[in-house]
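Heads up: the structure comes next, in structure tokens.
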Amino acid sequence: MAITKPQGSSALYASKIIKAGALIGDTKTLLSHWNLDVSVDENINRVQRENVFGKASRSRVQDILAIFRQRYLTEASVTKALVALIRGKFPTGALERVLYFHSARADRLLHDVVTELIVPMRARGLVDINVQDIQQPLAEWVDEGKTTGYWSEPTITRISQGLLSALRDFGVLQGGANKKITSAYFPIESFAYVMFYLKQHQPSGAKLIELPDWKLFFLSREGVERFLFEAHQRDLLEYHVAGSVTRLTFPAKTLEEYANVLAQR
């Protein structure tokens, strides 16, 4: 695999997945200890001081907290909503899909490996996936200058392994050494949460169902519409289409309020 030093400054991808994969257990621990009445920095300092993760290495804890900050702590509404889901005993499988969504939104590499590599593989009927399937495209992205720095072959291998492990833990893949692309497990409550979040960023109902984020869950436009009708039938939201007019409303005004609605279901 020939790798040349990338040129240009259009860097999209970082290697942070090496330092932290899905970390679902640690994420739950962090959120269960979160104090909404103080700042992010105060919470992080307390978490480090109390060593709530039980990690031996201080540098390891710092790496984990840096990842958590990027994934879940940059938007106050998201942090509050996730804490509400944890406290409300939101089902584990549904919570993991929500955490996966925010993690992919925060890490462009994780996002694009799913939407640009795994989704097309699945569409071609391919199920088995291994490190080599990820390595070559990553090497090409390095050559195209899409990475934040030069990645050697060993680094590309480690990143590929980290991506596959994280996606297995998030439920996108399954298996140990030999991994497979799973069927799209997406609880309706997780879908409703993601829809609410995305609607805050894209008010247009027509454009909302065509956002590329849905590829993270292997959903086409038609698939999104099916989920919307199901969520409507379960009173999680109201969805009406009349010609070119689409109306989508929720029984809450904020993401935190909606998270409480979902957790109480």
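Quick note: the coordinates plus some simple rules give every number you see, no bench work behind them. Values in this document were obtained by computation on a predicted structure and should not be read as measured data. Cβ atoms come from the backbone with ideal geometry, glycine included; neighbour counts cover every protein chain shown.
Give the relative contact order (percent, whole number) for segment 96-167; include only Cα pairs under 8 Å separated by 6+ residues.
Value for segment 96-167: 27 percent.
At Arg46 and Lys89, where each label point lies 7 Å from the Cα along Cα→Cβ, what is the point-to-point distance in nanometres?
2.4 nm
Let me check against my output: what whole-number percent is the relative contact order of segment 83-227, with C-alpha pairs under 8 Å and at least 6 apart?
For segment 83-227, the relative contact order is 29 percent.
Using the alpha-carbon centroid of each, what span in Å lies between segment 89-113 and segment 143-209?
Result: 7 Å between the Cα centres.
What length, rounded to one decimal in nm, is gained on full extension from Asp37 through to Lys253, with 0.36 nm per residue of separation minus their alpha-carbon distance?
So the extension gain works out to 75.7 nm.
Which of the pairs Lys28/Lys180; Lys80/Lys179; Lys19/Lys215; Lys28/Lys253; Lys180/Lys253; Lys19/Lys80 have their Cα atoms more than 28 Å apart in this structure?
Distance filter (> 28 Å) returns Lys80/Lys179; Lys180/Lys253.
Considering the convex hull of the alpha carbon atoms of segment 188-263, report its projected area averaged over all viewing directions, in nm², one decimal.
Reported value for the Cα convex hull: 4.7 nm².
Between Arg234 and Val131, how many nm apart are label points set 7 Å from Cα along the C-beta direction?
3.9 nm
In nm, to one decimal, how far is the modelled label at Lys19 from the one at Ser77, with both set 7 Å along Cα→Cβ?
Simple spin-label model gives 2.8 nm for this pair.
Which entry in (i) 68, 37, 34; (ii) 54, 49, 36; (iii) 51, 41, 32 matches Cα extents along the principal axes in Å derived from the coordinates of this structure?
Of the listed options (i) 68, 37, 34; (ii) 54, 49, 36; (iii) 51, 41, 32, (ii) comes from this structure.
Beta carbons within 10 angstrom, averaged per residue: use that to sort the peptides 244-253, 218-227, 134-143, highest first.
Descending packing order for the listed peptides: 134-143, 218-227, 244-253.
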